[in-house]
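The values are calculated or read from the model by the stated rules, or taken from the named source; none is laboratory data. Because the structure is a prediction, the values reported are computed rather than measured. Because the Cβ atoms are built from the backbone with ideal geometry, glycine has one as well, and the counts that use them run over all protein chains shown.
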Amino acid sequence: MDYNIGNFFLTTNSISGISDEEYKKVESFISAARAFARSTYQCVYIIDYYKREFLYVSENLALLCGQPIDKIYNFGYNLYLEHVPDKEVDMLLEINKKGFDLFSSFPLEERLDYSIQYDFHLINKRKPYLIHHTLTPLALAQDGKIWLALCTVSMSSNNTPGQIVVKKENSKEYYEYDLIRHKWILKEEKSLSETERDVLWLSTQGYTMNEIADKLCKSVDTIKSCKRSLFTRLGVKNITEALYHVVNYRLI
């Protein structure tokens, strides 16, 4: 398939009629993104779907791609054509289309409450790194289409690309995209028990299994059983993946 920048800017989210007055809001969004980038390890950028360009890019995204920051600005969405394996570009294009289709089905007043996240490889000097990407609408056009979006990028703890999820703020339900059946599946998040939350928090602080058992006044066997049960329910293999899952799904 021949890829071009137009593949990412679909007619289904074609934006028109953004006035100069509305663009006066943009600098406040950029200032907020810049402040956020200083306070997080994540890479941050803002997409303008009207001008079809990046309005802001944090310096660590340029480092992740192994490119000067001014080149990242010039790339815009071509960043994905230059730094993502071809097979996964196909996946991104599918996510892009299906994500906009799903977004347009939400009530207008709720659209800013949703975000979409997924994993894919970003290539730096021929080395592929699996990253976790989240896109959240910042501002909508008058017809409800996404005008500006805030994106964050961090390293993924998963082993494979995909894990495509659309989630609404403060909702227990979320949509997961099935790449085999090419459809969204509505699911309900898995709630954590108080013990599971405590085990995860203490694990992030570096406590051993014995120390966690001592702090929670439980046996080591109980802590081990708690971890096994949690890993099974979340579909993960270790504490790192469990932490990654509960943070991204906002279970903790």
- Note on the structure: Of Phe36, Phe8, the only residue that is hydrophobic (A, V, I, L, M, F, W, C) and either modelled with pLDDT under 90 or not assigned by TED's automatic domain parsing to the domain that holds Ala141 (or both) is Phe8
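Wholly within region 66-174, which helices (runs of 4 or more DSSP H) include no fewer than the required count, namely at least 1 residues that are hydrophobic (A, V, I, L, M, F, W, C) and at pLDDT 85 or above? Reasoning before the result, please.
Numbers: elements: 69-75, 78-83, 86-103.
Qualifying helices (runs of 4 or more DSSP H): 86-103.
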- Mind checking which residues of region 25-65 are part of a loop (DSSP other than H, G, I, E, B) and either surrounded by fewer than 21 Cβ atoms within 10 Å (Cβ to Cβ) or of a type outside the set (Ser, Thr, Tyr) (or both)? Lys25, Ser39, Thr40, Tyr41, Gln42, Tyr50, Lys51, Arg52
- Query: Just a yes or no: is a residue in region 151-167 of a type in the set (D, E, K, R) and closer than 30 Å to Val89 by Cβ?
  - Reply: yes
- Query: Across region 226-252, which residue is modelled with the lowest pLDDT among those that are more than 21 Å from Lys187 (Cα to Cα) and surrounded by 13 or more Cβ atoms within 10 Å (Cβ to Cβ)?
  - Reply: Ile239
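Please determine, by comparing only the residues of region 140-170 that are more than 17 Å from the chain's Cα centre (by Cα) and in contact (Cβ under 8 Å) with a residue 40 or more places away in the chain, which one is surrounded by the most Cβ atoms within 10 Å (Cβ to Cβ). If you could, list the steps in order and put the result at the bottom.
Our first condition is that a residue be more than 17 Å from the chain's Cα centre (by Cα); within region 140-170, this holds for 140-145, 147.
Now narrow it down to the ones that are in contact (Cβ under 8 Å) with a residue 40 or more places away in the chain: 141-142, 144-145, 147.
Numbers: Ala141: 18, Gln142: 12, Gly144: 14, Lys145: 19, Trp147: 24.
Among residues in region 140-170 that are more than 17 Å from the chain's Cα centre (by Cα) and in contact (Cβ under 8 Å) with a residue 40 or more places away in the chain, the one surrounded by the most Cβ atoms within 10 Å (Cβ to Cβ) is Trp147.
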- Note on the structure: Residue hits (region 175-196; over 29 Å from Lys98 (Cβ atoms) and either under 21 Å from the mean Cα position of the chain (by Cα) or modelled with pLDDT of 85 or more (or both)) are Glu194, Thr195, Glu196
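Does Cys226 satisfy the criteria of being in the same structural domain as Glu241 (by TED's automatic domain parsing) and closer than 26 Å to Ser171 by Cα? Break it down into steps so the answer makes sense when it comes.
On the way: in the same structural domain as Glu241 (by TED's automatic domain parsing): yes; closer than 26 Å to Ser171 by Cα: yes.
Judged against the criteria, Cys226 is a match.
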- Item | Selection status of Ser219, of a type in the set (S, T, N, Q), free of Cβ contacts under 8 Å to residues at least 60 places away in the same chain, surrounded by 12 or more Cβ atoms within 10 Å (Cβ to Cβ) and not assigned by TED's automatic domain parsing to the domain that holds Thr136 | no
